[in-house]
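The values are calculated or read from the model by the stated rules, or taken from the named source; none is laboratory data. All values derive from a computational prediction rather than experimental measurement. Positions of Cβ are backbone-derived with ideal geometry, glycine not excepted, and every protein chain shown enters the neighbour counts. Heads up: the accessible areas ignore ligands, DNA and RNA and are worked out on the full protein's heavy atoms, side chains in. Shrake-Rupley method; radii C 1.70, N 1.55, O 1.52, S 1.80 Å.
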Amino acid sequence: KTFATWARTALIREVTARITAVLAPGSHERVEQPGAVTALAKAVMAAGGGDVGRVAVADKVAYTWFNRIIALRFMDANGHTGVGVVSPPAGVTVGQPEILADAKRGVIDSEVVPSKTRAAVARLLDGTRPSGDPQGEAYALLLEAYCNHWHKAMPFMFEREGDYTELLIPASLLADDSVLNRSVQILTEQVCVDVEVIGWLYQFYISER
């Protein structure tokens, strides 16, 4: 319960900050992903525009990312992903997600991650692509690719390529106190045996509202 209510507050704060950054004039997202930025701007307007619209979109997208992180943690813990998407390698309770650790060794699944994304991740990790947070940005690209990959199987949970929610991936997912890292610590492999836990997480997530 404590985790779910804390996660809601943290995710809304982080997604709100991302909305502000993405919609700022001259943001690099406007150059690199103009279609997704336009879709985000339309969503804000449809929700009431201005601060009202941004709050509504942030609430919706924060819940979307909570669902995805929880789903991926359950999938990792039960061996459905084949590699830890949000989790460290099997048997490890603390550490970077396995897909990032693999990428740092030059191992990226070409069936999941497009060549353009693999090249961008490689440049971030070898320092040839400027970034204030190269590992965080590389992981965000990898996470986006895996969400796109799972779209075919679970379109209700994971976005198609180009969806504006991929612009709003919460920042600092690799931090020790991030929602992602706390989800791994709270949702142990033993806990993830019981799928009913997902229902409890949802109930507690919306309890304050």
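Using the structure shown, decide if Phe74 is farther than 22 Å from Gln135 by Cα, touching a residue at least 60 places away in the same chain (Cβ under 8 Å) and of a type in the set (A, V, I, L, M, F, W, C).
yes
Whenever a residue of the stretch 96-116 is in contact (Cβ under 8 Å) with a residue 12 or more places away in the chain and at positive phi, its partners that are surrounded by 14 or more Cβ atoms within 10 Å (Cβ to Cβ) and among the small types (Gly, Ala, Ser), lying with C-beta atoms within less than 8 angstrom and at least six residues away or across chains, give the pairs Gly106/Ala122. Before we move on, is Thr38 in a helix (DSSP H, G or I) and either open to solvent by less than 20 Å² (accessible area, probe 1.4 Å) or closer than 30 Å to Phe204 by Cα (or both)? No: the conditions fail for Thr38.
Let's see how each residue does on (1) over 23 Å from Gly132 (Cα atoms); (2) modelled with pLDDT under 95; (3) not hydroxyl-bearing (Ser, Thr, Tyr):
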residue: Trp6; (1), (2), (3): yes, no, yes
residue: Leu11; (1), (2), (3): no, no, yes
residue: Val15; (1), (2), (3): no, no, yes
residue: Gly26; (1), (2), (3): no, yes, yes
residue: Pro34; (1), (2), (3): no, yes, yes
residue: Ala41; (1), (2), (3): yes, no, yes
residue: Val44; (1), (2), (3): yes, no, yes
residue: Val52; (1), (2), (3): yes, no, yes
residue: Val55; (1), (2), (3): yes, no, yes
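In the stretch 177-209, the qualifying residues are those that are in a helix (DSSP H, G or I), among the polar types (S, T, N, Q) and under 18 Å from Val85 (Cβ atoms), and the one that is most open to solvent (accessible area, probe 1.4 Å) is Gln185.
Is it the case that Val57 is in a helix (DSSP H, G or I) and open to solvent by less than 20 Å² (accessible area, probe 1.4 Å)?
yes
Within the stretch 138-174, the set of residues being surrounded by fewer than 19 Cβ atoms within 10 Å (Cβ to Cβ) and closer than 18 Å to Pro97 by Cα comprises His149, Ala171, Ser172, Leu174.
The sole residue among Ala119, Ala175 that is at pLDDT 95 or above, out of contact with any Phe, Trp or Tyr (no Cβ under 9 Å at 6 or more places or on another chain) and not β-branched (Val, Ile, Thr) is Ala119.
Here is a yes/no grid of residues against (1) in contact (Cβ under 8 Å) with a residue 24 or more places away in the chain; (2) of a type in the set (Gly, Ala, Ser); (3) within 30 Å of Val195 (Cα to Cα):
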{"site": "Lys1", "(1), (2), (3)": "yes, no, yes"}
{"site": "Leu11", "(1), (2), (3)": "yes, no, yes"}
{"site": "Glu14", "(1), (2), (3)": "yes, no, yes"}
{"site": "Arg18", "(1), (2), (3)": "yes, no, no"}
{"site": "Met45", "(1), (2), (3)": "no, no, no"}
{"site": "Gly53", "(1), (2), (3)": "no, yes, no"}
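Scan the stretch 60-96 for residues that are open to solvent by 70 Å² or more (accessible area, probe 1.4 Å) and within 19 Å of Asn148 (Cβ to Cβ) and jot them down. Once the filter is applied, which keeps residues that are open to solvent by 70 Å² or more (accessible area, probe 1.4 Å) and within 19 Å of Asn148 (Cβ to Cβ), the stretch 60-96 yields His80, Gly82.
Looking only at the stretch 190-209, which residues are over 16 Å from Ala77 (Cβ atoms) and of a type in the set (S, T, N, Q)? Correct list: Gln203, Ser207.
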